[in-house]
1. For residue 4 and residue 50, calculate 0.36 nm times their separation in residues minus their Cα-Cα distance, and state this gained length in nm to one decimal.
2. Taking 0.36 nm per residue of separation and subtracting the Cα-Cα distance, what length does fully extending residue 21 through residue 72 add?
3. Quickly estimate the mean residue ellipticity at 222 nm for the chain, helices only: each DSSP H run with n ≥ 4 gives -39500 (n - 2.57), and the total goes over all residues, rounded to 500.
4. Could you tell me the relative contact order of the chain? Use alpha-carbon pairs under 8 Å, at least six residues apart, and round to a whole percent.
5. Sort 44-53, 9-18 by packing, meaning the average of other beta carbons within 10 Å per residue, with the highest value first.
6. Order of 20-30, 60-70 by packing, highest average Cβ count within 10 Å first?
7. Taking a ≥ b ≥ c as the square roots of the eigenvalues of the Cα gyration tensor of the chain, is the shape rounded (a/c under 1.5), prolate (a/b larger than b/c) or oblate?
Ligand SMILES: [Zn+2]
């Protein structure tokens, strides 16, 4: 093993602290709805329209032709 200087130890500790804060923030954001609160992209298989709509349990209807479409998954 190589010796770890005090500066490197402080820098590593700060990095781990920042990651821990981001982790806690992300966990709380997911519990409050997280990605479900953001709109999802949809592609209509009937008229080829691409639109955004809230993430619903099932599909959402196309604003152009009314055909129900599931959200796109990447
Ligand atoms: Zn459509």
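1. Length difference between fully extended and current span is 11.2 nm.
2. That works out to 15.3 nm of additional length.
3. Value at 222 nm, helices only: -12500 deg cm²/dmol.
4. About 21 percent, as a whole number.
5. 44-53, 9-18
6. 60-70, 20-30
7. prolate
The numbers here are math on the coordinates, done by the rules we state, and not lab data. Computed from a prediction, not measured in an experiment: that's the story for all the values here. Cβ atoms come from the backbone with ideal geometry, glycine included; neighbour counts cover every protein chain shown.
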